[in-house]
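The values are calculated or read from the model by the stated rules, or taken from the named source; none is laboratory data. Just so you know, these numbers come straight off a predicted model, no measurement behind them. Glycine gets a Cβ as well: all are built from the backbone with ideal geometry, and neighbour counts include every protein chain shown.
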Protein chains: 2
Amino acid sequence: MENLRISGERLWASLMEMAKIGATPKGGVNRQALTDLDRQSRELFTEWCEAAGCSVSVDAMGNMFARRPGRDNDLPPVMTGSHLDTQPTGGKFDGAYGVMAGLEVIRTLNDLAIETEAPVEVAVWTNEEGCRFAPSMVGSGVFAGKFTLEEIYAATDPDGRTFGEELEGIGYKGELPAGGRPVGAFFEVHIEQGPVLEREDKTVGVVRGAQGLRWYDITVRGRESHAGTTPMESRKDALAAAAEMIAAAESIAVSRPPHTVVTVGMVEVRPNSRNTIPGEVYFTIDLRHPEEESLADTGERLAATMKAIAERRGVVLDFEEIVHARAVGFDPQCVAAVRAAAERAGYSHMDVISGAGHDACYMAGIAPTAMVFIPCADGISHNEIESATPEDAEAGCNVLLHAILDRAGTAS
Amino acid sequence: MENLRISGERLWASLMEMAKIGATPKGGVNRQALTDLDRQSRELFTEWCEAAGCSVSVDAMGNMFARRPGRDNDLPPVMTGSHLDTQPTGGKFDGAYGVMAGLEVIRTLNDLAIETEAPVEVAVWTNEEGCRFAPSMVGSGVFAGKFTLEEIYAATDPDGRTFGEELEGIGYKGELPAGGRPVGAFFEVHIEQGPVLEREDKTVGVVRGAQGLRWYDITVRGRESHAGTTPMESRKDALAAAAEMIAAAESIAVSRPPHTVVTVGMVEVRPNSRNTIPGEVYFTIDLRHPEEESLADTGERLAATMKAIAERRGVVLDFEEIVHARAVGFDPQCVAAVRAAAERAGYSHMDVISGAGHDACYMAGIAPTAMVFIPCADGISHNEIESATPEDAEAGCNVLLHAILDRAGTAS
């Protein structure tokens, strides 16, 4: 059993075939949730799964489950999967790799006629990306009880169409209730979307959990005035104050290694005129850390530092937390199963913390969960040039196979 | 002659009447260049000037000249004036005060039947603001030979209409050539548009010149990446680099008192997304100083500092100077005439340097020129709440009267 290997070639061929649906001229994929392209990708997935002997069911969120029966079908299934939707300028691997890897595991079990104790299911979660309909990860989120069906159905895209209408429109509003059934374990394999594995020259990331996240909205109000006629000492320059705050946010993050990351991604200056001293600046902070305590502590330090800068400069500060997603720790046994699988297969590996959110983060709330990462070139994702190697894709899938076998058990 | 005074009441009434054309609900004026409102203000001006016995001519730029003959009409005229166009959310005083003050001088000379040696002209310069058609100060600029008629005619507004068409459209493309005739002296009275006179509690600013100005466009290119998955040490954050540069620009200005002013007024972040590390940031610098040497030196220091920051951070810097308006020193004799007039009238006064550009800055290139400033509330201009007092408006106009008499001479 320990020498079992999936077919890297077949996995890669399936990935490349799936990437044709919504392919962009620059080599990426634009296959946003609940579009006709999303429907096409679901149909291809169904066709492949049925050919592999699975039954495919769809729940009220459009989540799909391809099921391979086990010896004891009363056991909760061991589940794997990810998503098929992409960003508008997404790549071939984000999401699709995790789904295709699940399918490849099933094909491999079929090839070798291995019967598992528990059934194995490959899930396709609806609208992981959240770019057309916010928020993200709603398929797994509803399944895990984090959102209600009603609130998600009511979400609208930029053209005003609702999620519920569009889900029905592509024919994937299923009969099954979304969630409410036991899952034995959940594994998700994904590209890292960061540079650590590549930098450390490791093939497999054993994902121990996901960072917590806090989002802040900051507004600095000074006094708009003429750039030529207002002496430096008479200014209340909202942008000069914001620049000092943005520099301080970076320094705070750097002073708390190794896991603290702080990003100011968005800035709006008003009136944003070359010869007017800015009267108001809005900017955002994205703060992440694997531990809740550190997250809270850094958040307080950011707030206090910005308050001090604002007071010293005589500008008005509005510092508001708008999102707090708690840090997630994955199941130690599932994590150990992943680590052991990588170890046995002889892949170089390291423990990592996911910087991004994944469907697995919600699944961790209702089932023992872990993730497997593989490197992606330059850590780039959500980009048409997103890239991973066939060898790494194969390695991640082999680790997934053995982690699933570990949790599902073999009947023979 | 020394006790001559203009009528502050009549001046104020004319100012308030003119401010009705394009009046905004917030108490300001929106009377942009070459609009129908601009036409209305020109017609009112013409009506008043003709009633005061002046002939009004219009040149090919739409510049208007109300002429009161002197004893010797072969002498070049002593000219005063400013502009009647405003910013979209402009005030009642910027420009209009200088024109109405010129008219009030003529009315006063008429009341007292004073004949000047040289003729006196009140100029209305077309499109000083430059907000509808860039650049600014083109009426005086063409008159002084800084621009050609053709290039200015070709300028377009945001709707694609050309300056030439619109000037013709309001009926003010005149027959006279723009410029090319001698001017004996030029005086412009204006609100300060800055806080210095108010802060120093002075009624009159004797303007010795105008600051030089350098405008820079700066682009910082880093590497766009995921806010959650990119460790601090792997980042090339274009915004963190720009924030450090913006803070440094302010420090450099503060370290070079009293006249150096540096403003970053505009920032554009790309992709400007909350959870993406910015890959590119564009920002502007507006640097001003009354002396060219200091301006050049500060410009070099800004460039060197930003280059060092970019190199240390491994981001790419593009630092480009796009405008260099040289510092202007006004004519010492005209400046002395202004100072003496303020002195004799018993007004508190101080020498100042104009922070903003004015039509007088171009006129200084072809005629002995000076300016008179009066305070404006909180130094605020280009704003509907722009405000000045009747007493200060009267004082500035009295100074203007005596400076004009000094240069035009009296025939009696």
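Key figures
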{"quantity": "Residues that are among the polar types (S, T, N, Q) and farther than 30 Å from A:D217 by Cβ, drawn from segment A:298-357", "calculated": "A:Q333, A:S348"}
{"quantity": "Hey, B:E268 among the charged types (D, E, K, R), within 13 Å of chain A (Cβ to nearest Cβ) and either in contact (Cβ under 8 Å) with a residue 40 or more places away in the chain or outside any helix (DSSP H, G or I) (or both) or not", "calculated": "yes"}
{"quantity": "Qualifying residue in segment A:364-379 (condition: in contact with a Pro (Cβ under 8 Å, 6 or more places away or on another chain), charged (D, E, K, R) and surrounded by fewer than 21 Cβ atoms within 10 Å (Cβ to Cβ))", "calculated": "yes"}
{"quantity": "Among (1) within 29 Å of A:S225 (Cβ to Cβ); (2) of a type in the set (G, A, S); (3) free of Cβ contacts under 8 Å to residues at least 24 places away in the same chain, the one test that B:A325 misses", "calculated": "(3)"}
{"quantity": "Among residues of segment B:183-230, those that are aliphatic (A, V, I, L, M), farther than 30 Å from A:I252 by Cβ and surrounded by fewer than 24 Cβ atoms within 10 Å (Cβ to Cβ), counted", "calculated": "4"}
{"quantity": "Residue match in segment A:65-86 (condition: in a helix (DSSP H, G or I), among the polar types (S, T, N, Q) and within 29 Å of A:D111 (Cα to Cα))", "calculated": "no"}
{"quantity": "Hey, B:I404 under 19 Å from B:A96 (Cβ atoms) and at pLDDT 95 or above or not", "calculated": "yes"}
{"quantity": "Residues located in segment A:171-187, provided they are in a loop (DSSP other than H, G, I, E, B) and in contact with a helix residue (DSSP H, G or I) (Cβ under 8 Å, 6 or more places away or on another chain)", "calculated": "A:G171, A:Y172, A:K173, A:A178, A:G179, A:V183, A:G184"}
{"quantity": "Test: residue in segment A:188-195 that is modelled with pLDDT of 95 or more, under 24 Å from A:N30 (Cβ atoms) and part of a helix (DSSP H, G or I)", "calculated": "no"}
{"quantity": "Meets criteria (surrounded by 15 or more Cβ atoms within 10 Å (Cβ to Cβ) and at pLDDT below 95) for B:A310", "calculated": "no"}
{"quantity": "Residue in segment A:381-393 that is in contact with a helix residue (DSSP H, G or I) (Cβ under 7 Å, 6 or more places away or on another chain) and modelled with pLDDT under 95 present", "calculated": "yes"}
{"quantity": "Qualifying residue in segment B:66-77 (condition: of a type in the set (D, E), over 23 Å from B:D157 (Cβ atoms) and at pLDDT 95 or above)", "calculated": "yes"}
{"quantity": "Positions within segment A:385-400 being crowded, with 21+ Cβ neighbours inside 10 Å and either without any contact (Cβ under 8 Å) to a residue 40 or more places away in the chain or in a loop (DSSP other than H, G, I, E, B) (or both), in sequence order", "calculated": "A:E386, A:A388"}
{"quantity": "Tally, over segment B:94-147, of residues that are surrounded by fewer than 24 Cβ atoms within 10 Å (Cβ to Cβ), among the small types (G, A, S) and over 28 Å from B:D72 (Cα atoms)", "calculated": "3"}
{"quantity": "Condition met for B:D331 (acidic (D, E), within 19 Å of B:R199 (Cα to Cα) and surrounded by fewer than 21 Cβ atoms within 10 Å (Cβ to Cβ))", "calculated": "no"}
{"quantity": "Near pairs, Cβ below 7 angstrom, 6+ apart or cross-chain, from segment A:1-26 (closer than 14 Å to A:V99 by Cα) to any residue that is assigned to a loop (DSSP other than H, G, I, E, B)", "calculated": "A:L15/A:K92; A:A19/A:K92"}
{"quantity": "Considering residues of segment B:401-412 that are of a type in the set (A, V, I, L, M, F, W, C) and outside any loop (DSSP other than H, G, I, E, B) only, the residue surrounded by the most Cβ atoms within 10 Å (Cβ to Cβ)", "calculated": "B:A403"}
{"quantity": "Filter result for the condition that a residue is in contact with a strand residue (DSSP E or B) (Cβ under 9 Å, 6 or more places away or on another chain), in contact (Cβ under 8 Å) with a residue 40 or more places away in the chain and assigned to a loop (DSSP other than H, G, I, E, B), over A:Y362, A:Y347", "calculated": "A:Y347"}
{"quantity": "Verdict on A:E233 being surrounded by fewer than 19 Cβ atoms within 10 Å (Cβ to Cβ) and within 30 Å of the chain's Cα centre (by Cα)", "calculated": "no"}
{"quantity": "Verdict on B:V372 being in contact with a helix residue (DSSP H, G or I) (Cβ under 6 Å, 6 or more places away or on another chain), part of a helix (DSSP H, G or I) and among the aliphatic types (A, V, I, L, M)", "calculated": "no"}
{"quantity": "Test: residue in segment B:286-297 that is within 7 Å of chain A (Cβ to nearest Cβ), over 27 Å from B:T230 (Cα atoms) and under 23 Å from the mean Cα position of the chain (by Cα)", "calculated": "yes"}
{"quantity": "Segment A:271-285 - residue that is facing another protein chain (nearest Cβ under 7 Å) and assigned to a strand (DSSP E or B) and, of those, nearest to A:M232 (Cα to Cα)", "calculated": "A:I277"}
{"quantity": "Residues (over 38 Å from the mean Cα position of the chain (by Cα) and of a type in the set (A, V, I, L, M, F, W, C)) located in segment B:216-230", "calculated": "B:A227"}
{"quantity": "Residue ID - nearest to A:D286 (Cα to Cα), chosen from residues in segment A:252-265 that are among the hydrophobic types (A, V, I, L, M, F, W, C) and more than 7 Å from chain B (Cβ to nearest Cβ)", "calculated": "A:V262"}
{"quantity": "Complete set of residues in segment A:197-251 that are β-branched (V, I, T) and within 7 Å of chain B (Cβ to nearest Cβ)", "calculated": "A:T229, A:T230, A:I246"}
{"quantity": "Residues located in segment B:1-59, provided they are surrounded by 16 or more Cβ atoms within 10 Å (Cβ to Cβ), closer than 27 Å to B:R344 by Cβ and not hydrophobic (A, V, I, L, M, F, W, C)", "calculated": "B:G8, B:R10, B:S14"}
